[in-house]
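A.B. asks: Questions regarding the structure given below will be posed in turn.
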Amino acid sequence: MAQFLEIKAAHPGCLLFYRMGDFYELFFDDAITAAEALGIVLTKRGKHMGEDIPMCGVPVIRADEYLQRLIAAGLRVAVCEQMEDPAAARKRGSKAVVHRDVVRLVTPGTLTEDSLLDARARNYLTAVFAGPGPGGGAAAGGRRGDAAQIALASLDISTGELEVGEVARADFAGEIVRLGSGEVIASDVVLADADIAKGVALGRCATTPVPAATFDSLAGERQLKAQLGVADLAAFGTFSRRELAAVGALLKYVELTQIGRRPCLRPPRRTGNSDRMLIDAATRASLELTRSTSGDRKPSLLAAIDRTITGPGSRELAARLASPLRDVPAINARLDALAFLHDEERLREDLRRTLRHTPDLARAMSRLALQRGGPRDLGAIRDSLAAARGCVELLRTASGGLGLPGTLSGIAERLGPGDTSLQPMLARALVDAPPHLKRDGSFVREGYSVELDAARTLRDDGRKVMAALEARYVQDTGIKSLKVRHNNILGYYVEVPAGAARPLAAAPLNETFRHRQTMAGAMRFTTQELIETEGRIVSAAERALTLEQDIFAELAAAVAAQERALGEVAGALAEVDCEAALAEVAVREGYTRPVLDDSADFQIVGGRHPVVEQALRSLEGGAQFIENDCVLGDGPPDGGSMGSASAYAGAQDLTPSRLWLVTGPNMAGKSTFLRQNALIVVLAQMGAFVPARSARIGIVDRLFSRVGAADDLARGRSTFMVEMVETAGILNQATDRSLVILDEIGRGTATYDGLSIAWAVVEYLHEVSRCRTLFATHYHELTALAGRLAEVASVTMEVREWKDEIVFLHKVKPGAADRSYGIQVAKLAGLPAAVTKRAGEVLKLLEKTGGKPATGAALIEDLPLFAAAIASPRLRGEGQGEGHTEAAPSPLGEALAAINPDELTPKEALNVLYRLKELCRRNGE
Ligand code: ADP
Ligand code: MG
């Protein structure tokens, strides 16, 4: 117990997994916490200071599964192993304690096991530094600088991917959501910072406070150089002191959790603000880029376009989607590769077939580097290299006459590993399907090592000798049921049924057979020959095992020597998969290559919503998505640069303007239209084809999307407040290169407030921000602005009325909606006929008053009371309300009349519904 307490004290804040034989045991409070989190039995073991010690345990072979659940529950675990064979400890004396030590801390951001990780998602550990700027060298990490810039250093320890960058304070939340960090480390002071806490909460990251002193830029620089084996970091970009401070804390924490073992580290990528499209956290959520608003993978843009075959390919795609580019040549380089694979169908299919069973090279390498790898990881490297060679050959053959686009020839180059002897060596050394653990051997192929083969032959011969021995003993003793058996405690022994054992205990056989054990129905004996043969088998088996471990170590060292080249191969394999998958989705879904330039134009012809389109198709009957154009920007539509046969000529007569006001009834397709244009921009700038007939897009620097009155009840903020905070963010940040999507802003407050705010926002965007904007609104009054502001145009979603019913055509056309058809939509939704008819009457009256809201008094004067109206046969819907013919005001009617929907919060609305149901129930009684 003294050993336990000492180790436990050295790792505060962690559950201690204390290895005892085949179990990890947990004691004291750890046991109570773990038993509750895992739903396992809590027991007791011994006493400490007179009290029972609570205990629980998990079997070592199922530890991964339990670890996963503890990590998911936000806990951290220190894994403490036996560092020697218990037999070795016994040799020191009967009371000697087996030497134990913590070999690793398991935290959400430092996972490496496939069973703990999502194959398709990156898992970043991110160090955040928000301190004073340049000059703030060693130990500057703690002070809460007013620094506008925040540095982030992120490492996926499972692949070695390293990303370093700085963002403005206002962009922090968007950055942390983009990174998708599993764990954020920072000093206490930084974690308490409101902006940082908000971002971390939005990113749903676990947080771990670390000492401010670890944010040491000099140490960071030194360690990064050492781990990359370079004298100068200049080749990877220029790093600020702040960034190096974050790197310092990151590497320190890795060292701490990995107990000195070094992960592989890929060269750092600097992610600057200026080369990426900035997308804040709310926009990411609202556009459902990589996750749906409910947090699932589906439905999202990523799920709709992800046709990758491998985990690394999927991670690459997700990373690109989260970080669209801003540099036209860089985007075009990706598009060139994609276009090539789009047209070369054979090549694309062959590449995808080659990738089909390709393992996760980066993760296998990382486990080997951290000495957590097994034979299967070596096998993964062997198979990945074979696949890489296959891809290189395919690309070389395809390059034929025309040559490959630059990106693809670069990929082909990186796929050829520096040292070509590694793959054949692994192929010769390993069996076809190597086991997960190296402990039990049996992974080295026969014929690889003469010595190993000899030891194995000896071991197997020994087993044959045992079988021969058994046959001889049966003959010598005449006991047909005699067997030679083996177990872990006795080793080899002779067993005979109790009834047949007597001759062995008597002369002359008792000279050969010595009694060892009496069981319920059997007796066990040993012989000198048995002991000797066993000795030979055991030593040969031990020798074989040792030799296999040595071979494992050699192979792992050969892999480590190739770390850099293998990292390139891993990256290139992921990129091929990603490019081929984007080409595949473009072919299958009919996407086209976008044209990008540095103008402020935005011309989408025949655009579609990639996610809704697929959802509609999978509906029963397969509904058709209606395509729509969108032309924003200053000048007239420039058909020439969109290709000679400008599809735009055939489209509706839409006016290109910087700001489009989109009106139309609910369900007409406004939100879908707005989002599809934002998604097309994301796809285009990540270097993918887009769901449109043609697209010409002037690079977007920042993308914003807001939905009015989005429910945020969970976090207890008034919806209107959220909406206004987010709108403020847009007005403060949007530039004349941004694209802004505002969907029904101002809905969360009373009508005239909302209209006034929406009005002022449109004016500001038009006059000050001068960004490209799509603004959907149900306030028709706003369309008056279209006439007054030069760069505002009105479009509307086409609807047809047919016998008081409404048909949505989902087609954008010039002009404004004349009215909102709310009553028709309500009818579609199944509101009782009595209610929609009554609403129709109220509407007529309101329209008579010229748009001014009639006072309650006026309403009462001009219209029969609702309760009376509902009772009149004229208004009663067919087949409804037959039982309520008396004209007395009903409590339900009064309650309904008292409701003012415009003033309800969503929560109140829900309460009202419950109250109405209750009234209704009482009425029925
Ligand atoms: P609004 O925002 O105007 O209330 P939505 O954009 O939410 O309308 O669209 C309502 C529904 O109409 C969507 O769920 C979708 O099924 C359908 N829809 C929208 N746009 C289209 C389209 N272009 N083609 C086909 N169906 C569409
Ligand atoms: Mg909508």
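A.B. asks: In what sequence, highest mean first, do 153-164, 22-33 appear when ranked by Cβ atoms within 10 angstrom?
C.D. replies: Going by the mean number of other Cβ atoms within 10 Å, highest first, we get 153-164, 22-33.
A.B. asks: Here's a follow-up. Give the aspartates and glutamates whose C-alpha is closer than 19 Å to that of residue 480, dropping any in the same chain fewer than 8 places away, or say none.
C.D. replies: Cα-Cα hits under 19 Å: 470, 495.
A.B. asks: Just to confirm my numbers, what's the Cα centroid distance between the stretch 89-127 and the stretch 169-203 in Å?
C.D. replies: Using only Cα atoms to place each centre, the spacing works out to 27 Å.
A.B. asks: For the chain, give the share of DSSP beta bridges that are antiparallel, in percent and rounded to the nearest 5; count only bridges with both residues there.
C.D. replies: 60 percent
A.B. asks: Which loop-located trypsin sites (Lys or Arg not before Pro) does the stretch 1-99 contain, where loop means any DSSP state but H, G, I, E or B and the Cβ has at most 12 other Cβ atoms within 10 Å?
C.D. replies: Answer by residue number: 92, 95.
A.B. asks: While we're here: Taking the Cα centre of each part, how many Å lie between the stretch 558-594 and the stretch 337-407?
C.D. replies: 7 Å
A.B. asks: Quote the accessible area belonging to residue 397 in square angstrom, nearest 10, computed with a 1.4 Å probe and with ligands, DNA and RNA left uncounted.
C.D. replies: 110 Å²
A.B. asks: How high is the FRET efficiency between residue 788 and residue 235 when r is their beta carbon distance and R₀ equals 51 Å, given to the nearest 0.05?
C.D. replies: Computed FRET efficiency for residue 788 and residue 235: 0.35.
A.B. asks: Right, here's the next one. Between the stretch 653-695 and the stretch 470-549, how many Å separate their Cα centres?
C.D. replies: 81 Å
A.B. asks: To make sure I understand the rule: partners must be aspartates and glutamates, Cα under 16 Å from the Cα of residue 844, and not fewer than 8 residues away in the same chain. Which ones qualify?
C.D. replies: Excluding near neighbours in sequence, the set is 804, 818, 861, 862.
A.B. asks: Pop the C-beta distance of residue 655 and residue 298 into the FRET formula with R0 = 30 Å and round what comes out to the nearest 0.05.
C.D. replies: For R0 = 30 Å, the calculated efficiency reads 0.20.
A.B. asks: Under the rule a/c < 1.5 gives rounded, and otherwise a/b versus b/c splits prolate from oblate, where does the stretch 223-360 land using the Cα gyration tensor?
C.D. replies: Prolate is the answer for the stretch 223-360, as a/c is 1.5 or above and a/b outweighs b/c.
A.B. asks: On to the next question. Round to the nearest 0.05 the FRET efficiency obtained for residue 442 and residue 256 when R0 = 22 Å and r is the Cβ-Cβ distance.
C.D. replies: Efficiency computed from Cβ-Cβ geometry: 0.05.
A.B. asks: Could you list the trypsin sites (Lys or Arg not before Pro) in the stretch 167-240 that lie in coil according to DSSP, counting only those with at most 14 other Cβ atoms within 10 Å of their Cβ?
C.D. replies: Loop-located and lightly packed - 204.
A.B. asks: While we're on this one: Quick one: if you stick a label point 7 Å off each Cα along the C-beta vector at residue 431 and residue 751, how many nm between them?
C.D. replies: If labels sit at residue 431 and residue 751, their model points lie 7.9 nm apart.
A.B. asks: May I pose another question? Quick one: length gained pulling residue 419 to residue 910 fully straight, 0.36 nm per residue minus the C-alpha distance?
C.D. replies: So the extension gain works out to 170.1 nm.
A.B. asks: Counting only protein heavy atoms, what percent of the accessible surface of the chain is carbon or sulfur at a 1.4 Å probe?
C.D. replies: 54 percent
A.B. asks: Turning to a different aspect of this structure: Tell me, in nm to one decimal, what length is gained between residue 805 and residue 213 on full extension, where the rule is 0.36 nm per residue of separation less the Cα-Cα distance?
C.D. replies: 206.2 nm
A.B. asks: So for the pair residue 619, residue 510, with labels modelled 7 Å out along Cα→Cβ, what separation do we get in nm?
C.D. replies: Label at residue 619, label at residue 510, 9.2 nm between them.
A.B. asks: Under 28 Å Cα-Cα from residue 837, which lysines qualify once same-chain neighbours fewer than 8 residues away are excluded?
C.D. replies: Cross-link targets: 670, 803, 827, 848, 852, 907, 917.
A.B. asks: Take every Cα-Cα distance within the chain, group them into 10 Å bins from 0 onward, and report for each bin the whole-number percent of pairs it holds.
C.D. replies: Calculated over all Cα pairs of the chain, the distribution is 2, 10, 15, 18, 17, 13, 10, 7, 4, 3, 1, 0, 0 percent.
A.B. asks: Which net charge results for the neighbourhood of residue 567, defined as the other residues with beta-carbon distances under 11 angstrom from its beta-carbon, given Lys and Arg at +1 and Asp and Glu at -1?
C.D. replies: Net charge around residue 567: 0.
A.B. asks: Based on DSSP H runs of at least 4 residues, each adding -39500 (n - 2.57), what is the mean residue ellipticity at 222 nm of the chain after dividing by all its residues, to the nearest 500 deg cm²/dmol?
C.D. replies: Using -39500 (n - 2.57) per qualifying helix, the result is -13500 deg cm²/dmol.
The values are calculated or read from the model by the stated rules, or taken from the named source; none is laboratory data. On a predicted model such as this, the values are computed, not experimentally measured, just so you know. All Cβ positions, even for glycine, are placed from backbone atoms using ideal geometry, and neighbour counts span all protein chains on display. Accessible surface areas use protein heavy atoms only, side chains included; no ligands, DNA or RNA. Shrake-Rupley method; radii C 1.70, N 1.55, O 1.52, S 1.80 Å.
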